[in-house]
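Nothing in this text is a laboratory measurement; each read-out follows from the coordinates by a stated rule. Quick caveat, the model's predicted, so the values are computed rather than measured. In this analysis, Cβ positions are derived from the backbone assuming ideal geometry, glycine residues included, and neighbour counts consider all displayed protein chains.
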Amino acid sequence: MSPRINFAKASTDAYKAVAALDRYVVKDSGLDPTIIHLIKLRASIINGCAYCVDMHVKESRHDGLSEQWINLMSTWHESTVYTPRERALLGWVDAVTLIAQTRAPDDVYDELRKHFSDDECVKITTAIGAINVWNRLAVAFRAPHPIDAPKVAA
């Protein structure tokens, strides 16, 4: 698959606007980094964004999240590695990312509210929206993920 356009260069003002929203989510929202990793990785998996999955797996690993926590994200429904709080968050990420199908059901929202304040719910939903914008840009314009150099045996 070949890239269509470099969206960051094609419209720097649009790129800067999305980057500013992402900066808010990551730096200014007050959300715990683990929550942000969970949101970004799960939404990127749902959206099939190889560029973002690659990036967020590496960032999660760099920040000390376990390989098991990272690897089982695509099958979180069947895994016991996630806490009840993380499971509520994963359910909300799924519901909001797939909002056209799910309509953000009350039971999923009610579960989220057991673990997060109103303020956190808004910030979490903003974070979900932000990564969905990145995913749509990267998938629509076929942003290629970097290929890691193979490890050489010593």
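If each Cα of segment 11-140 is one equal point scatterer, what is log10 of I(q)/I(0) from the Debye formula at q = 0.11 Å⁻¹?
Values returned for q = 0.11 Å⁻¹ are -0.35.
How much length, in nm to one decimal, is gained on full extension between residue 2 and residue 79, taken as 0.36 nm per residue of separation minus their Cα-Cα distance? Intermediate values should be presented prior to the final figure.
Numbers: separation 77, 0.36 × 77 = 27.72 nm, distance 3.50 nm.
Difference between extended and current length: 24.2 nm.
Place a point 7 Å from the Cα of residue 28 along the Cα-to-Cβ direction; which residues of segment 113-138 have their backbone N under 19 Å from it?
119-134
Along Cα→Cβ, 7 Å out, is where each label goes; now give me the distance between the ones at residue 139 and residue 110 in nm to one decimal.
Here the answer is 3.0 nm between the modelled labels.
Cα-based count: Lys pairs in the chain below 18 Å, eight or more positions apart or different chains? If you can, show how the numbers build up before the last one.
On the way: 16/27; 27/40; 27/123; 40/58; 40/123; 58/151; 114/123.
Taking the chain as the scope, the lysine pair count is 7.
Treating the beta-carbon of each Lys and Arg as +1 and of each Asp and Glu as -1, no other charges, what is the dipole magnitude of the chain about its Cα centre, to the nearest 20 debye? Don't skip to the answer; put the middle values down first.
Numbers: 18 positive and 19 negative charges, 132 e Å.
For this selection, approximately 640 debye.
Spit out the partnerless Cys residues in the chain, using Cβ distances under 4.7 Å as the pairing rule.
121
Which value in deg cm²/dmol, rounded to the nearest 500, describes the helix-derived mean residue ellipticity at 222 nm for the chain, given -39,500 (n - 2.57) per DSSP H run of n ≥ 4 and division by the residue count?
Counting only the DSSP helices, I get -19000 deg cm²/dmol.
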